[in-house]
Amino acid sequence: MTKNSRNTAVYKLYELFSSMRFAIGLLTILAIASIIGTVLKQNEPYPNYAFEFGQYWFAVFEQLGLYDVYHSGWFLTILAFLVLSTSLCILRNGPGFIKDMKAYREKASDNSLAAIKHSVELPADKVDPDTLRAYLRGQGWRWREYQREDGSLVLAAKKGAASKLGYFFAHIALVVICIGGLMDGNLPLKLAEMVGSVVPETRDIPQSQIPPQSRLSTANLSFRGNVTIAEGKSGDVVFLNAGNGYLVQELPFTVSLKKFYVDYYSNGMPKLFASDIVVTDKASGKVTEAQVKVNHPLIVDGVAIYQASFGDGGSPLSLKAWNLEAPQMQPVDIKGISMGSQPLRANGKDYNLEFGELRVFNIENMSGKSDDAAGKSLSQRMQDAREVKHEKQLKNIGPSISFKLRDKQGQAVEFHHYMAPIQQDGASYMVAGVRSKVSDPFQYLRLPLDDKLSLERFMRLRSAFMNPALYDEIAQRTTAKAMQGSAISPAMQQQFAGSVKWILARFAQGGFVALEQFLDEKVPQDKRQAVAQTYVKILQGAVVDVMDVADAKAGLPPVAMDSQHYRFLLDSLVGISALHDYQAPVLLQLQGFDQVQASGLQLTRSPGKNLVYLGSLMLVIGIILMFYVREVRLWLRCGTASVRLAMSSNRHNRDLDEDFRRRSEAIQQLVRGK
Amino acid sequence: MELAQSFVEQPLYKRLKPSDWLYAVLVLVAAGQAWRLYNPFMDGYEQAILAGSAIGLVALGWFWKAWRWFFPLSASVALLGISLYHGQLARAQTAFWLKFLLSSQSAIMWMCTLFFLATLVYWAGLLTRSAMLSRMGSGLTWAAAVMGGAGLFVRWYESYLIGSDVGHIPVSNLYEVFILFTLITALMYLYYEARFATRQAGAFVLLVISAAVGFILWYSFDRQAHEIQPLIPALQSWWMKIHVPANFVGYGAFAMSAMLGVAELLVLKGVLKDRLPSAEVLDEMMYKAISIGFLFFTIATILGAMWAADAWGGYWSWDPKETWALIVWLNYAAWLHIRLVKGWRGEPLAWWAVIGLLVTTFAFLGVNMYLTGLHSYGGL
């Protein structure tokens, strides 16, 4: 390069971009920029961001591309500069390094040899170049000789030139990796979005109605998208995340899901997710059948198919609907499909029934033993610390369905029902959860099941409670029993029967809460406890008669009043009371289902992958060569009565000190006669 | 000429002593036995990893002589423990030797105790300038490493006693990798200690190990984290066997370099100057640690990317853990450039190595604690 061109602006830029300062600066900026994307959750739905930051900052951050930092223009620009800087660095230093790798510097002058840090003049009795050559050969050096005009001979040797090769490997590797990454990146897509030839779809509409400007053809070189396919269904597109919306990527084949498998360990942790899929090529009709599971993707036509997620694919359900507002009515069977919604008309009002996910396995820790370490003895703690397996009573409590019941005003209450009877302390219950806010936990109520594990008896009892026409008969029976047991005097008979009826009515109307409310309002505080006990006693006595009357009315024989059945009645009281908080006109009891699962597949095409791997391999080789191959040069200038030994290395460290000491001793021995 | 012959560098196989060959045969026999027993249960990759490990262990033993007794000893302790189980996990609570020494948890508790003792003794040796105490510090660190290695091996076996579908190499969660971290850091330090013939820096390196041990104890006693859990599908891969250990060579080396940086800064400030090695020696050790750490961290990140390409659908997803791995990598890449190209030494680089530990710790722990992402199984 001439002196003139060195002063041009272009050359100055070249110098800046290829400089170390610039490279280090870029590394630092890249590191800091990368942090942003780990702190701010990426690729969330835009409304989430708007909610979090407020409209103003939401717009600012959107402009800055902070919701997808790693694909934003400015981030890619930093990467591009890193590639540029590295390439220029190679261009700038490369020729010198290659020259250096080839050179032996056999023409070094005496002065320059003496000026080297590790240099010594060794007195010699007899200088035999052959001995020195043999020494160098024996130690695996490569060297070149130079006969000087003054008669002295210079042996210029070197080892570990590959160290410089490491520089090339490591730095070219970075460029290769970045190019590979760029091939797999969505740069062309971003550009197409910028000029408007591709427009992300933001509406939630069926796939077939999505307009062409939101669809990408199979010619698209690289993509990474997701699709959910239900069992027995198929798909031939994937959906790509694109800012606030999504794009549809056409696939060269159709993927059909035959079956999805999920398997659990005994502690409830997932063990296996796998999909049996059939891939049919659209052009050739070639069929590939395979099972994909996590860590074992299927690669067809350069597109890798991964097991990514799973869910409910819309399972047909059969349910029994108990009308809670008209308890005398027989339950009605209804059909539904999980993940789907349907209208429901109950007691003259219209609702929308929105089914959620059907979960077939629900594994819970039933031991009730908390893992909290507090309050344990030292020996217990030591015992725990020794055990690598802790006993837990884990149990699969069976399938559950969640659903929402939405009224005309759009208000929804969410329910979570278990299908199978759940055993607790020897009795069986149906467990149902309810909540009116998504942020709240479910409030679970348990309804006791009868001898046939059905809700029938409970509902019959409840129906009788809700039927004031039966109160006279019930009160009569209860009073008669009380008389028999001499709990009350004949004089109080009338008053007692009245109390029974009042308590039944009050309980039917609002459960235990209603009774409590009455106590709080009407009874002086000091008497409340006693009155409450009386109420509970009466209720506990009367419930037997309610059951008997209900059974008699249904034409059924009375139930044997043993402890188990009595417990059923007491649990029923709790259940009836709790149903007041159930907030739904019907109780939907899951009776059966036909599970249809869905598999979430991720499909990717990344042509740059092999380039990235090649770059990675080069990077590792480069680092090993740079750090673990030491480039050492050695000069022997053979004079008449002395030999000068000089050594240099690309790294000045203790290894060279030691090496130099050893070699000067050896050379001294070799030249000091025999 | 004849004299020159005596300086001829012998090829490697001629320089090996009978003890080297004995060690190699031992490792190969052990690997052969493992192959014979477990071959049907391994896929091709796992068989390759077994063969590769055997070769790697032989190479390591030939390269680092102390490894020739350390590894067989640790493995023998583990085998003794395994033989006492008679295939029943419950014997860990009843058989005397298992209960107090050889069950994985007992061995790990011994490792913890020995690391604490080693730290104290190293410091005593440093402050009193007692070579004897410093030697004891080394001995205790070696003993801790033997117990730690044995504990991990036994834990591996125990996981199969819980259930054949539960069994896996113990590098699958934060508790297990913390043990691996202390073990690898200690062994790397012991190597450099011998290489640089200085024991004084042990007082500093053992501090970071002790901190990790403190975490292990808290995690175990307070959180019951030592319980062996089965592997979720994403972790059921042979990649785990190579990705995780490679990563922890990196983390261990970076942690060690930071502690050496602390020691160097103290020396430069004149604190403990007459007791610690010279700043140049510490600087050199620090550089060696960072370069080996950088190499392994690079390999680990690449292996992680290749695993991600199998498990998550892409070799790079800008997952927080991946991104922080990149940040750590960039940090040390810059460090090495500054040292090698700009020729910096001393205080600024020592400070940088210390700050590097903060970055590394965040990548290792902070990401799991504060950020969510695909690596969530490593969570606290």
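Just a few scattered comments:
- Residue ID - nearest to A:Glu658 (Cα to Cα), chosen from residues in region A:107-142 that are more than 14 Å from chain B (Cβ to nearest Cβ) and of a type in the set (A, V, I, L, M, F, W, C): A:Val120
- Scanning region A:56-98 for residues that are touching a Leu at 6+ places or on another chain (Cβ under 8 Å) and of a type in the set (S, T, N, Q) yields a total of 3.
- For region B:172-223, a tally of residues being more than 30 Å from A:Asp655 (Cβ to Cβ), within 14 Å of chain A (Cβ to nearest Cβ) and either surrounded by fewer than 21 Cβ atoms within 10 Å (Cβ to Cβ) or of a type in the set (S, T, N, Q) (or both) returns 9.
- Top-ranked residue in region A:22-33 [being without any contact (Cβ under 8 Å) to a residue 24 or more places away in the chain and at the interface with chain B (Cβ under 9 Å from one of its Cβ atoms); ranked as farthest from the chain's Cα centre (by Cα)]: A:Ile24
- Applying the criterion of being polar (S, T, N, Q) and away from chain B (no Cβ under 14 Å) to the residues of region A:144-200, the residue that is surrounded by the most Cβ atoms within 10 Å (Cβ to Cβ) is A:Ser152.
- Residue among A:Val303, A:Val278 that is buried (at least 20 other Cβ atoms within 10 Å of the Cβ), under 26 Å from B:Asp43 (Cα atoms), outside the structural domain of A:Glu414 (by TED's automatic domain parsing) and touching a Lys or Arg at 6+ places or on another chain (Cβ under 8 Å): A:Val303
- Checking each residue in region A:391-410 for being in contact (Cβ under 8 Å) with a residue 12 or more places away in the chain and of a type outside the set (D, E, K, R) picks out A:Gln393, A:Leu394, A:Asn396, A:Ile397, A:Gly398, A:Pro399, A:Ser400, A:Ile401, A:Ser402, A:Phe403, A:Leu405.
- Top-ranked residue of region B:73-115 - restricted to ones that are in contact with a Gly (Cβ under 9 Å, 6 or more places away or on another chain) and more than 14 Å from every other protein chain (Cβ to nearest Cβ), ranked as surrounded by the fewest Cβ atoms within 10 Å (Cβ to Cβ): B:Leu73
- B:Leu152 at pLDDT below 95 and either over 18 Å from B:Arg135 (Cα atoms) or not assigned by TED's automatic domain parsing to the domain that holds B:Glu284 (or both): no
A quick yes/no check of all residues on (1) within 12 Å of another protein chain (Cβ to nearest Cβ); (2) basic (Lys, Arg); (3) touching a Cys at 6+ places or on another chain (Cβ under 8 Å):
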{"residue": "B:Leu276", "(1), (2), (3)": "no, no, no"}
{"residue": "B:Tyr315", "(1), (2), (3)": "yes, no, no"}
{"residue": "B:Val341", "(1), (2), (3)": "yes, no, no"}
{"residue": "B:Arg345", "(1), (2), (3)": "yes, yes, no"}
{"residue": "B:Ala353", "(1), (2), (3)": "no, no, no"}
{"residue": "B:Leu357", "(1), (2), (3)": "no, no, no"}
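- Across region A:74-99, the qualifying residues are those that are under 19 Å from A:Gly181 (Cα atoms) and small (Gly, Ala, Ser), and the one among them that is surrounded by the most Cβ atoms within 10 Å (Cβ to Cβ) is A:Ser85.
- Near pairs, Cβ below 9 angstrom, 6+ apart or cross-chain, from region A:2-19 (under 18 Å from A:Asn93 (Cβ atoms) and surrounded by 12 or more Cβ atoms within 10 Å (Cβ to Cβ)) to any residue that is among the hydrophobic types (A, V, I, L, M, F, W, C) and modelled with pLDDT under 85: A:Tyr11/A:Met1
- In the set (1) assigned to a helix (DSSP H, G or I); (2) within 10 Å of chain A (Cβ to nearest Cβ); (3) over 26 Å from the mean Cα position of the chain (by Cα); (4) buried (at least 20 other Cβ atoms within 10 Å of the Cβ), B:Val267 fails one condition alone, (2).
- Residue match in region B:242-250 (condition: modelled with pLDDT under 95 and buried (at least 20 other Cβ atoms within 10 Å of the Cβ)): no
- Flag if B:Val271 is β-branched (Val, Ile, Thr) and under 18 Å from B:Leu207 (Cβ atoms): yes
- Screening A:Leu378 on (1) within 14 Å of another protein chain (Cβ to nearest Cβ); (2) surrounded by 16 or more Cβ atoms within 10 Å (Cβ to Cβ) shows it passes everything except condition (2).
- Residues located in region A:469-508, provided they are within 30 Å of A:Met459 (Cβ to Cβ), surrounded by fewer than 21 Cβ atoms within 10 Å (Cβ to Cβ) and of a type in the set (Ser, Thr, Tyr): A:Ser499
- Condition met for A:Val544 (hydrophobic (A, V, I, L, M, F, W, C), modelled with pLDDT of 90 or more, assigned to a helix (DSSP H, G or I) and at negative phi): yes
- Residue that is at negative phi, away from chain B (no Cβ under 14 Å) and outside any helix (DSSP H, G or I), where the choices are A:Leu634, A:Leu588, A:Leu601: A:Leu588
- Residue within region A:204-227 that is of a type in the set (A, V, I, L, M), over 28 Å from A:His71 (Cα atoms) and away from chain B (no Cβ under 14 Å) present: no
- Lone qualifier among B:Ala234, B:Ala300 - being more than 18 Å from B:Leu190 (Cβ to Cβ), modelled with pLDDT under 95 and within 14 Å of chain A (Cβ to nearest Cβ): B:Ala234
- Subset tally (residues that are part of a helix (DSSP H, G or I) and surrounded by 13 or more Cβ atoms within 10 Å (Cβ to Cβ)) for region B:60-72: 9
- Selection status of A:Val513, farther than 26 Å from A:Val559 by Cβ, touching a residue at least 24 places away in the same chain (Cβ under 8 Å) and under 57 Å from the mean Cα position of the chain (by Cα): yes
- Selection over region A:284-318 of residues that are within 26 Å of A:Gln342 (Cβ to Cβ), more than 14 Å from chain B (Cβ to nearest Cβ) and part of a strand (DSSP E or B) gives a count of 5.
- Qualifying residues in region A:430-468 (those that are of a type in the set (Lys, Arg) and either touching a helix residue (DSSP H, G or I) at 6+ places or on another chain (Cβ under 6 Å) or within 29 Å of A:Arg406 (Cβ to Cβ) (or both)) - the one surrounded by the most Cβ atoms within 10 Å (Cβ to Cβ): A:Arg462
- Annotation for region A:386-404: at least one member residue is within 14 Å of chain B (Cβ to nearest Cβ), more than 28 Å from the chain's Cα centre (by Cα) and not in a loop (DSSP other than H, G, I, E, B).
- Boolean, A:Ile623 is buried (at least 19 other Cβ atoms within 10 Å of the Cβ), within 12 Å of another protein chain (Cβ to nearest Cβ), farther than 30 Å from A:Gly302 by Cα and modelled with pLDDT of 95 or more: yes
- Region A:560-572: number of residues that are touching a residue at least 60 places away in the same chain (Cβ under 8 Å) and closer than 17 Å to A:Ala464 by Cα: 4
The values are calculated or read from the model by the stated rules, or taken from the named source; none is laboratory data. Model, not experiment: these values are computed from the prediction. Every residue, glycine among them, receives a Cβ derived from its backbone with ideal geometry; neighbour counts consider all protein chains shown.
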